[in-house]
Every structure is written in C-alpha cells, then in structure tokens.
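The values are calculated or read from the model by the stated rules, or taken from the named source; none is laboratory data. None of these values were measured; they are calculated from a predicted model. Quick reminder, even Gly has a Cβ in these numbers, built from the backbone with ideal geometry, and neighbours come from all protein chains shown. Note: accessible area is taken over every heavy atom of the protein model, side chains too, but ligands, DNA and RNA are not part of it. Shrake-Rupley method; radii C 1.70, N 1.55, O 1.52, S 1.80 Å.
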Amino acid sequence: MKDYPGSERILRLDQLEVSNKRVFVRVDFNVPLTDDGKVSDDTRIRASLPTIQALIAKGARVICASHLGRPKGKRDEKYTLEPVAARLGELLGTDVIFADNCIGDGIHRQSRDLRPGQVLVLENLRFHEAEEKNEHDFAFKLSQLCDAYVNDAFGTCHRAHASTAGLPSLVKARAAGLLLEKEIAALGTLIHNPPRPLVAILGGAKVSDKAKVIEALLVKSSKVLVGGAMAYTFLRALQCKTGTSRVETEMVGLAGRILERAKTADCKIILPMDHMTGLTFDHPGPAQATENAHIPDGRMGLDIGPRTRALFAKELEGAAAIFWNGPMGVFEKPPFDEGTTFLAKAIAANPAKVKICGGGDSVAAINQAGLESGFTHISTGGGASLEMIEGRTMPGIESLKQDIG
Ligand code: AMP
C-alpha cells in the first residue's frame with residue numbers, strides 16, 4: 001500500500017490482535033440474485049474469503065456486514081442477505097449464522113455468544129436509512145457489536161456511510177482487509193507511482209461520467225485511447241459526422257477543451273478511426289464497418305471498427321503500465337462485443353508490467369473471455385476505482401488511518 005498517501009497509518013490485517021475478539025468485517029456482498037432469490041454470481045463473496053478465512057484461522061469471532069441492492073432504508077425481503085450467508089457457508093465449508101437484523105439487543109446477544117472461529121452474517125445494513133446517512137447513533141450501535149473492525153469492501157470506500165466511515169472512527173482496533181489492501185496497493189501505485197509509459201484506455205457510455213478521470217489520467221499518461229459511446233462526443237468536437245450515435249451534445253465543448261488540454265499535458269488522446277455501425281440501438285440489423293472516422297447519416301456507432309482495434313493494440317506496444325475502464329462498444333449485444341473482447345485480449349497478451357482493469361462492465365468482458373490471468377489487477381469497485389483515480393478522498397480508507405477518530 002506504500003504508494004497511497006498516509007497508508008503507513010493503516011494497519012494490515014496481520015497487525016490486528018483478533019484472537020477471541022469480535023471482529024466486524026465490512027464486506028461487499030452486493031451480489032446479483034436470481035428472481036427466486038439465489039446468488040447468481042458469487043465473485044464478490046469469493047473476493048473476501050481470504051480475509052474471512054485468515055480471521056477464522058486466528059480464532060476471531062467474525063461478524064460480516066454488507067449492503068445489498070437499494071432497499072431505500074426499509075426492510076425489503078427482496079434484498080435480504082440470507083441467501084448470501086448460505087452461499088458463504090458453502091464456500092467456507094462451515095456453518096454460518098444469519099442474524100435477521102444488524103442492530104438491536106438480539107443481535108448484540110448473538111455477537112457475544114459467537115465462539116472463536118464462528119461466523120455471523122448480519123442482515124442488510126441499508127434496511128436502516130441511518131447507514132447511508134452515516135448517523136452517529138447507528139454507527140455507535142454497530143460499534144457495540146465488536147472489539148475490532150476490518151474494512152474489506154473497496155467498492156463502497158468512496159461513500160461516507162455509517163459502516164465505512166462512522167463506525168471505524170469509533171473502534172480503535174481497525175485494519176484494512178486483504179482485498180482492500182490489494183486494491184489500495186494496485187490503484188495507489190497506478191495513481192502515484194506508475195511505471196512509465198502509462199497508457200490508459202477509457203470506454204463506456206458517457207463523457208460526463210468520466211471527464212474527471214480522463215483529466216486526471218492526462219497528466220500521468222503518455223496516451224489515452226478513447227472508445228465506446230464516449231468517443232462520439234469527442235469526434236463531434238472535431239467536426240466528425242456521428243450519424244445517430246449516442247452523443248452528449250452538452251459535453252461537446254468540454255470534450256474539445258479536454259483535447260486541447262491533452263496537447264499541453266504532452267499526452268496523445270487517440271480516437272477511433274473507424275466504427276462498426278447498426279441501424280438502431282434496439283434493432284441494429286447487420287453490422288457494417290465505416291470507411292473512416294465519419295459515421296454516415298442514419299447509422300449508429302455501436303463498436304470500434306477493425307482498423308481502430310489494430311491501432312489501439314499497436315498504441316499499447318511499449319507500455320509499462322496499462323489502465324482500462326469501460327467497454328469499447330455495446331458489448332452486451334454481439335457482434336458489437338468484438339471490439340471490447342479484442343482489446344481485452346490485446347491487453348492480456350501485452351508484456352506491460354502493470355495491467356489494471358478498473359472494474360465495472362469491462363470485468364464482465366474479461367471474465368467472459370477467460371482472460372483474468374492476463375491482468376495484474378482487476379478492481380472489484382468500478383465507481384470506487386474511478387473516484388480514487390480522480391484523486392477524491394476515500395472516506396472508507398481515510399477512516400482506517402490510526403490518527404482519525
Ligand atoms: P459505463 O458504465 O460508463 O462503463 O458504460 C457501459 C455502457 O456503455 C454499456 O452498457 C455499453 O453498452 C455502453 N456503450 C458502449 N459503447 C456504446 C455505444 N457505441 N453506443 C451506445 N452505448 C454504448
């Protein structure tokens with residue numbers, strides 16, 4: 001974690017005294033569920049297994065807490081963590097106790113009754129609106145459940161919620177979990193001390209979502225490659241024809257200014273030179289490649305074209321570090337997934353020392369293609385990793401520092 005400012009003031013998991021202690025672990029168990037309430041993808045549960053297993057091995061009494069979905073501060077059975085607790089038990093190969101709330105006398109008793117090595121999963125934190133409002137009283141009640149606190153939920157560290165900000169400042173014995181430590185180390189290095197040259201690739205839907213990330217990356221990277229719908233707003237700023245493609249007209253001015261700023265930052269912004277197009281978003285019909293960067297009237301850009309794919313792979317050559325976030329096209333709709341898959345393969349095959357995927361939709365593309373081992377780090381937090389790169393304060397990380405609270 002050494003490249004993240006102040007990380008020397010954050011304890012690592014193995015520096016925390018946990019034997020026979022009740023340890024509150026803020027995990028990110030916000031997993032997708034099927035209509036009949038089963039866990040359909042347990043990646044996030046698996047991601048926190050090393051931390052939970054390390055605590056069990058040291059004889060901690062483990063209390064896992066998470067949010068799931070958006071229950072808007074009320075109990076909603078659709079978002080119960082009960083199936084998640086069951087899946088965690090299967091993965092750990094041990095019984096996991098489920099508590100039907102996260103605060104209250106009964107839960108307090110359950111926490112006290114926990115034996116070393118046992119695991120308790122609390123009900124959804126967001127069944128209480130006090131969680132997202134970071135109310136002191138709620139954080140205090142959570143603090144009474146535990147003797148030590150561990151944050152392993154990188155995906156929510158950009159939010160100042162009770163379980164990520166208020167609670168840790170009330171618990172002196174606190175540390176980063178193994179997953180969080182990995183995220184801080186990988187993204188901290190990317191932001192503060194990347195091997196150079198650094199090449200960034202950004203895609204996805206909107207310039208408005210990623211303008212700040214692009215600006216932050218301009219000053220660190222030698223090149224920023226832009227794909228996805230975002231690219232059309234930039235192309236419009238360069239007077240290219242964009243057909244019926246998704247352009248954020250109110251962002252064209254900003255896109256033009258970013259292109260100008262890149263010149264003074266000595267960073268090349270590289271835009272697509274051709275596209276795969278369809279008729280409409282819902283009914284694209286057969287995909288057609290354009291001849292150049294212009295998109296004909298009545299056609300919609302839905303992916304990067306073959307010449308752009310080759311160009312982007314070439315531009316990655318010689319990179320020491322690569323950061324990628326966001327699909328190159330509408331990867332949910334084949335064949336418009338091909339540009340994204342091509343890029344994922346090009347990064348996986350590239351010999352760069354550091355290859356980081358910043359989470360979100362790009363992770364799905366990497367998983368689909370089975371390319372996980374071609375990356376040095378795949379972040380579990382899309383929004384969180386982008387906010388960290390923007391240089392914003394991460395309340396969930398700050399509140400772990402030993403001199404806070
Ligand atoms: P984001 O969450 O910003 O990374 O955006 C991901 C979304 O951008 C995905 O749902 C993609 O389908 C969408 N997207 C990528 N390229 C295009 C495109 N050319 N036209 C419309 N949507 C796109």
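Which residue out of 46, 112 is more than 29 Å from residue 367 (Cα to Cα) and open to solvent by 50 Å² or more (accessible area, probe 1.4 Å)? Full working, then the answer.
Details: 46 fails: more than 29 Å from residue 367 (Cα to Cα).
Testing whether each residue is more than 29 Å from residue 367 (Cα to Cα) and open to solvent by 50 Å² or more (accessible area, probe 1.4 Å) leaves just 112.
With 329, 339, 359 as the choices, which residue is modelled with pLDDT of 95 or more, assigned by TED's automatic domain parsing to the domain that holds residue 276, part of a loop (DSSP other than H, G, I, E, B) and open to solvent by less than 20 Å² (accessible area, probe 1.4 Å)?
Sole residue among the options that is modelled with pLDDT of 95 or more, assigned by TED's automatic domain parsing to the domain that holds residue 276, part of a loop (DSSP other than H, G, I, E, B) and open to solvent by less than 20 Å² (accessible area, probe 1.4 Å): 329.
Please go through region 205-244 and give me each residue that is within 24 Å of residue 317 (Cβ to Cβ), within 10 Å of the ligand (Cβ to nearest atom) and either of a type in the set (Gly, Ala, Ser) or open to solvent by 40 Å² or more (accessible area, probe 1.4 Å) (or both), ordered by number.
Residues satisfying the conditions are 227, 228, 231.
Just to confirm my filter: which helices (runs of 4 or more DSSP H) fall fully inside region 80-154 and include at least 3 residues that are in the same structural domain as residue 25 (by TED's automatic domain parsing) and over 18 Å from residue 396 (Cα atoms)? First the steps, then the outcome.
Values: elements: 82-92, 105-113, 129-132, 136-143.
By residue number, 82-92, 105-113.
Kindly evaluate residue 348 against the criterion of being open to solvent by less than 20 Å² (accessible area, probe 1.4 Å), under 23 Å from residue 223 (Cβ atoms) and away from the ligand (no atom under 16 Å from the Cβ). It would help to see each step written out before you state the result.
Working: open to solvent by less than 20 Å² (accessible area, probe 1.4 Å): no; under 23 Å from residue 223 (Cβ atoms): yes; away from the ligand (no atom under 16 Å from the Cβ): yes.
Considered against the rule, which asks whether it is open to solvent by less than 20 Å² (accessible area, probe 1.4 Å), under 23 Å from residue 223 (Cβ atoms) and away from the ligand (no atom under 16 Å from the Cβ), residue 348 comes out as no.
Taking the conditions exactly as written (assigned by TED's automatic domain parsing to the domain that holds residue 128, over 28 Å from residue 382 (Cα atoms) and not in a helix (DSSP H, G or I)), does residue 19 satisfy them or not?
In short, yes.
Just checking, does region 310-321 include any residue being within 13 Å of the ligand (Cβ to nearest atom), assigned by TED's automatic domain parsing to the domain that holds residue 383 and either crowded, with 17+ Cβ neighbours inside 10 Å or touching a residue at least 40 places away in the same chain (Cβ under 8 Å) (or both)?
Applying the first criterion (within 13 Å of the ligand (Cβ to nearest atom)) to region 310-321 yields none.
Scanning region 310-321 turns up no residue that is within 13 Å of the ligand (Cβ to nearest atom), assigned by TED's automatic domain parsing to the domain that holds residue 383 and either crowded, with 17+ Cβ neighbours inside 10 Å or touching a residue at least 40 places away in the same chain (Cβ under 8 Å) (or both).
Tell me, please, whether a residue that is more than 12 Å from the ligand (Cβ to nearest atom), closer than 16 Å to residue 357 by Cβ, at pLDDT below 95 and of a type in the set (S, T, N, Q) can be found in region 187-194.
Scanning region 187-194 turns up at least one residue that is more than 12 Å from the ligand (Cβ to nearest atom), closer than 16 Å to residue 357 by Cβ, at pLDDT below 95 and of a type in the set (S, T, N, Q).
Return yes when residue 285 is without any contact (Cβ under 8 Å) to a residue 24 or more places away in the chain, of a type in the set (Gly, Ala, Ser) and open to solvent by less than 60 Å² (accessible area, probe 1.4 Å) and no when it is not. If you could, list the steps in order and put the result at the bottom.
Details: without any contact (Cβ under 8 Å) to a residue 24 or more places away in the chain: yes; of a type in the set (Gly, Ala, Ser): yes; open to solvent by less than 60 Å² (accessible area, probe 1.4 Å): yes.
In short, yes.
What residue, among those in region 266-279 that are at pLDDT 95 or above and either within 11 Å of the ligand (Cβ to nearest atom) or acidic (Asp, Glu) (or both), is most open to solvent (accessible area, probe 1.4 Å)?
Step one: filter region 266-279 for residues at pLDDT 95 or above, giving 267-279.
If we keep only those that are either within 11 Å of the ligand (Cβ to nearest atom) or acidic (Asp, Glu) (or both) as well, we get 272, 274-278.
On the way: 272: 6, 274: 4, 275: 1, 276: 34, 277: 3, 278: 0 Å².
Of everything passing the filter in region 266-279, 276 is most open to solvent (accessible area, probe 1.4 Å).
Of the residues that sit in region 245-263 and are within 14 Å of the ligand (Cβ to nearest atom) and in contact (Cβ under 8 Å) with a residue 40 or more places away in the chain, which one is least open to solvent (accessible area, probe 1.4 Å)? Lay out the reasoning, then the answer.
Just the residues of region 245-263 that are within 14 Å of the ligand (Cβ to nearest atom), to begin with: 245-248, 251.
Pick out the ones that are also in contact (Cβ under 8 Å) with a residue 40 or more places away in the chain and you get 245-246, 248, 251.
Numbers: 245: 11, 246: 129, 248: 27, 251: 40 Å².
Selected residue: 245.
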